[in-house]
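What follows is a set of notes on a single structure, which appears directly below.
The values are calculated or read from the model by the stated rules, or taken from the named source; none is laboratory data. Just so it is clear, the structure is predicted and the values come from calculations on it, not from any experiment. Neighbour counts run over all protein chains shown; Cβ positions are idealised from the backbone, glycine included.
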Amino acid sequence: MADLSSFPITTRWPATRPDAIQLYSLPTPNGVKISIALEELGLDYEPHLISFGTNDQKSPEFVSLNPNGRIPAIIDPNGPEGKPIGLFESGAILVYLAEKTGKLLPASAAGRYETLAWVMFQMGGVGPMFGQFGHFFKFAADKVANNPYPMERYRDESKRLLSVLETRLEGRQWLMGDDYTIADIATFPWIEGARKFYGGDQVLDYASFPNVMAWVARALERPAVKTGMEIPKRD
Ligand SMILES: N[C@@H](CCC(=O)N[C@@H](CS)C(=O)NCC(=O)O)C(=O)O
């Protein structure tokens, strides 16, 4: 049985099945990337709910695994050379899980790098910009009631990123064509999340991005996505 005692996070969220991958998360756009990937890959994992209501993500135990104090994070008891490894940053975790299993990344070097480019596009573009849009549009609307600039700036940048995706998805069912990859898993939860959590679909003019909407709908039909979107279960 794996010994995870060197990870302080396990004192607050004990591993009942220490041989399984330990997932510390909440079903947000960044969180579900990892539960979806784990479901798609059929890997054995144990989810732990990190509650923002009680600021769990800033607790010393959580920060011992992710110094950035944000979900998601994992421990794989069976990491490189058979030793446990802790990881944070959803993009890094997706690459790790894909390389561990040899799935969700194209086999060719060129295909792999192209996929990583789209993962980086999500990590550096879609996530931060959509996140700031949601902040000013939904959560801090009262703070910018007299100044439309912040919301407009992030709205327009989010729409520009949607148009990049729209062009990429022309004639392709997934970002990498016929291959469903970690680039899709990194990105579609943000498009769906902006609708679900921010109610931003009209302001972002989703109707004018039919390729993107069809791609999100296709992804949401996948059984692993349906399951992964709800993990860990909220209280
Ligand atoms: N770049 C990070 C971003 C993680 C992130 O922003 N997570 C959000 C939830 S979607 C979070 O933990 N927010 C809580 C906080 O900021 O305190 C990743 O992709 O893992």
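Below is a table of values for the structure above.
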quantity: Hits in the stretch 132-162 (condition: small (Gly, Ala, Ser) and either over 23 Å from Leu175 (Cα atoms) or touching a strand residue (DSSP E or B) at 6+ places or on another chain (Cβ under 9 Å) (or both)); calculated: Gly134, Ala140, Ala141, Ala145
quantity: Scope the stretch 1-50; condition touching an Asp or Glu at 6+ places or on another chain (Cβ under 8 Å), away from the ligand (no atom under 16 Å from the Cβ) and in a loop (DSSP other than H, G, I, E, B); matching residues; calculated: Met1, Ala2, Pro8, Ala15, Thr16, Arg17, Pro18, Asp19, Ala20, Asp44
quantity: Count of the stretch 52-64 residues which are touching a Pro at 6+ places or on another chain (Cβ under 9 Å) and loosely packed, with under 15 Cβ neighbours inside 10 Å; calculated: 1
quantity: Of all residues making up the stretch 65-99, the number that are buried (at least 16 other Cβ atoms within 10 Å of the Cβ) and part of a helix (DSSP H, G or I); calculated: 8
quantity: Any pair with Cβ under 7 angstrom, 6 or more apart, that starts in the stretch 153-181 at a residue that is assigned by TED's automatic domain parsing to the domain that holds Glu221 and under 13 Å from Ala219 (Cα atoms) and ends at one that is of a type in the set (Asp, Glu) and not in a helix (DSSP H, G or I); calculated: none
quantity: Those residues of the stretch 184-225 which are among the hydroxyl-bearing types (Ser, Thr, Tyr) and surrounded by 15 or more Cβ atoms within 10 Å (Cβ to Cβ), in sequence order; calculated: Thr187, Tyr198, Tyr206
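Here is a yes/no grid of residues against (1) touching a Leu at 6+ places or on another chain (Cβ under 7 Å); (2) without any contact (Cβ under 8 Å) to a residue 40 or more places away in the chain; (3) farther than 18 Å from Ser35 by Cα; (4) assigned to a helix (DSSP H, G or I):
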{"position": "Ala183", "(1), (2), (3), (4)": "yes, no, no, yes"}
{"position": "Ala186", "(1), (2), (3), (4)": "yes, no, no, yes"}
{"position": "Trp190", "(1), (2), (3), (4)": "no, no, no, yes"}
{"position": "Asp201", "(1), (2), (3), (4)": "no, yes, yes, no"}
{"position": "Ala207", "(1), (2), (3), (4)": "no, yes, yes, yes"}
{"position": "Asn211", "(1), (2), (3), (4)": "yes, no, yes, yes"}
{"position": "Val225", "(1), (2), (3), (4)": "no, no, no, yes"}
{"position": "Glu230", "(1), (2), (3), (4)": "no, no, no, no"}
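Residue-by-condition table, conditions (1) outside the structural domain of Gly200 (by TED's automatic domain parsing); (2) among the hydroxyl-bearing types (Ser, Thr, Tyr); (3) in contact with a Pro (Cβ under 9 Å, 6 or more places away or on another chain); (4) away from the ligand (no atom under 13 Å from the Cβ):
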{"position": "Ala73", "(1), (2), (3), (4)": "yes, no, no, no"}
{"position": "Gly86", "(1), (2), (3), (4)": "yes, no, no, yes"}
{"position": "Ala92", "(1), (2), (3), (4)": "yes, no, no, no"}
{"position": "Gly124", "(1), (2), (3), (4)": "no, no, no, no"}
